[in-house]
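Single-structure report; data block below.
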């Protein structure tokens with residue numbers, strides 16, 4: 001049993017608070033129509049009920065954006081925890097997919113009115129359904145409107161419901177890195193104030209690395225509220241391939257030393273303009289048989305266009321956006337992968353890029369700029385070669401890797417065979433462990 005000794009008292013208190021809040025807002029019980037294809041009714045014998053909330057209808061089966069919460073949901077179900085995805089948008093209905101209850105709530109009205117009514121519906125459902133924990137992925141619930149999220153947190157707190165906040169890629173820091181928010185500006189200071197309040201109302205904050213935990217702890221967030229864990233790799237999708245020669249032959253690179261970079265392409269991606277573009281221009285002089293594969297969504301930075309003007313043509317190919325399901329075969333076609341990281345921004349300095357683990361799981365070495373997570377999260381990971389953040393650092397490191405490639409390949413292959421500690425299942429298990437501890441914490445609300 002997961003709940004603490006006074007669980008029944010907490011449940012009854014929450015039930016009474018639920019009635020009071022529902023009466024206060026004049027809300028009636030939610031009864032959206034059930035989809036006739038529902039697989040089953042929610043299991044009323046579950047000891048826990050966790051609500052994962054979205055500001056839009058989430059894909060289920062999942063896509064790349066909500067894959068993490070899907071895995072979390074599956075692990076919770078495996079442990080006997082009832083899981084409901086509470087989603088705003090579309091026609092009101094309830095169905096079940098893979099054991100997950102999917103509830104859609106309409107948000108009538110326009111703009112702010114519809115948003116407020118939708119949030120009140122979420123609150124109403126959480127209270128009336130005896131949800132004990134609300135789990136929010138920052139990117140999937142009003143990431144650009146933290147005030148809405150904060151208001152819901154306050155109401156959930158009054159109702160006795162714990163709040164877990166997953167910051168897989170901390171959004172404010174992401175916006176700063178992408179030039180959408182200027183650090184130190186009034187809007188940045190206002191966001192930081194809102195987030196201090198959000199953190200105060202959280203029972204658990206999930207962060208993308210232990211380095212991020214240290215940073216938030218330094219900002220005054222209690223260590224007991226923080227969990228830092230790198231995003232684990234999907235071992236079913238990313239695993240060593242027997243023979244990538246078919247793709248290499250189709251690309252005409254079977255006799256080349258193939259260097260790969262796969263990441264988002266944009267004018268604000270400093271790694272592309274500052275590292276990848278000059279590397280493509282300078283690498284042939286150091287490794288004559290090299291070839292660079294570049295893949296990524298978005299519009300390439302302006303500097304990328306200058307590569308087309310070089311005569312004779314440079315040995316590289318821009319693949320455009322590569323579907324996530326196809327990424328493993330492109331990684332396997334490369335001899336070494338690149339992960340340049342800008343030292344200019346908090347999110348790049350402190351996060352643990354998932355591409356590191358995806359590459360190693362394929363049995364390929366990867367060249368990475370020094371980041372804080374090197375010592376905190378990847379200290380024992382083989383197959384990773386660390387270097388500086390400048391393009392020349394990468395060129396020199398690639399020369400060393402090329403000269404002793406068998407050694408670096410063998411280290412990556414060994415790590416691929418011992419990747420269990422870095423898989424998504426291991427990561428998710430740690431998150432669910434902490435969620436269970438959150439439900440047992442009798443200090444909540446005191």
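The values are calculated or read from the model by the stated rules, or taken from the named source; none is laboratory data. Everything numeric here is computed off the predicted structure, so don't read it as measured data. In this analysis, Cβ positions are derived from the backbone assuming ideal geometry, glycine residues included, and neighbour counts consider all displayed protein chains.
Of the numbered conditions (1) in contact with a strand residue (DSSP E or B) (Cβ under 8 Å, 6 or more places away or on another chain); (2) in contact (Cβ under 8 Å) with a residue 60 or more places away in the chain, residue 138 satisfies every one except a single condition; which is it?
For residue 138, the exception is condition (2).
If only one of 172, 158, 148, 112 is surrounded by fewer than 16 Cβ atoms within 10 Å (Cβ to Cβ) and either in contact with a helix residue (DSSP H, G or I) (Cβ under 7 Å, 6 or more places away or on another chain) or not assigned by TED's automatic domain parsing to the domain that holds residue 430 (or both), which one is it? Break it down stepwise before answering.
Values: 172 fails: surrounded by fewer than 16 Cβ atoms within 10 Å (Cβ to Cβ); 148 fails: surrounded by fewer than 16 Cβ atoms within 10 Å (Cβ to Cβ); 112 fails: either in contact with a helix residue (DSSP H, G or I) (Cβ under 7 Å, 6 or more places away or on another chain) or not assigned by TED's automatic domain parsing to the domain that holds residue 430 (or both).
Selected residue: 158, the only one of 172, 158, 148, 112 that is surrounded by fewer than 16 Cβ atoms within 10 Å (Cβ to Cβ) and either in contact with a helix residue (DSSP H, G or I) (Cβ under 7 Å, 6 or more places away or on another chain) or not assigned by TED's automatic domain parsing to the domain that holds residue 430 (or both).
Exactly one of these conditions fails for residue 261: (1) under 28 Å from the mean Cα position of the chain (by Cα); (2) surrounded by fewer than 20 Cβ atoms within 10 Å (Cβ to Cβ); (3) touching a residue at least 24 places away in the same chain (Cβ under 8 Å). Give me its number.
Single failed check for residue 261: (2).
Results for (1) modelled with pLDDT under 95; (2) assigned to a loop (DSSP other than H, G, I, E, B); (3) outside the structural domain of residue 67 (by TED's automatic domain parsing); (4) farther than 27 Å from residue 349 by Cα, shown as yes or no for each residue.
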site: 268; (1), (2), (3), (4): yes, yes, yes, no
site: 277; (1), (2), (3), (4): yes, no, yes, no
site: 288; (1), (2), (3), (4): no, yes, yes, yes
site: 293; (1), (2), (3), (4): no, no, yes, no
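Does residue 395 qualify as being within 16 Å of residue 71 (Cβ to Cβ), at pLDDT 95 or above and part of a helix (DSSP H, G or I)?
Answer is no for this residue.
With the structure loaded, tell me whether residue 383 is modelled with pLDDT of 95 or more and at positive phi or whether it fails that test.
yes
What is the number of the single condition among (1) farther than 22 Å from residue 421 by Cβ; (2) outside any strand (DSSP E or B) that residue 317 does not meet?
Looking at each condition in turn, residue 317 falls short on (2).
Taking the range 201-253, which residues are assigned to a helix (DSSP H, G or I) and in contact (Cβ under 8 Å) with a residue 12 or more places away in the chain? Give the derivation first.
At the first step, the residues of the range 201-253 found to be assigned to a helix (DSSP H, G or I) are 210-218, 223-225, 245-251.
Within the range 201-253, 210, 211, 212, 213, 214, 215, 216, 225, 247, 248, 251 qualify.
Results for (1) under 22 Å from the mean Cα position of the chain (by Cα); (2) at negative phi; (3) in contact (Cβ under 8 Å) with a residue 24 or more places away in the chain, shown as yes or no for each residue.
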{"site": "150", "(1), (2), (3)": "yes, yes, yes"}
{"site": "154", "(1), (2), (3)": "no, yes, yes"}
{"site": "163", "(1), (2), (3)": "yes, yes, yes"}
{"site": "172", "(1), (2), (3)": "yes, yes, no"}
{"site": "176", "(1), (2), (3)": "yes, yes, yes"}
{"site": "181", "(1), (2), (3)": "yes, yes, no"}
{"site": "189", "(1), (2), (3)": "no, yes, no"}
{"site": "192", "(1), (2), (3)": "yes, yes, no"}
{"site": "195", "(1), (2), (3)": "yes, yes, yes"}
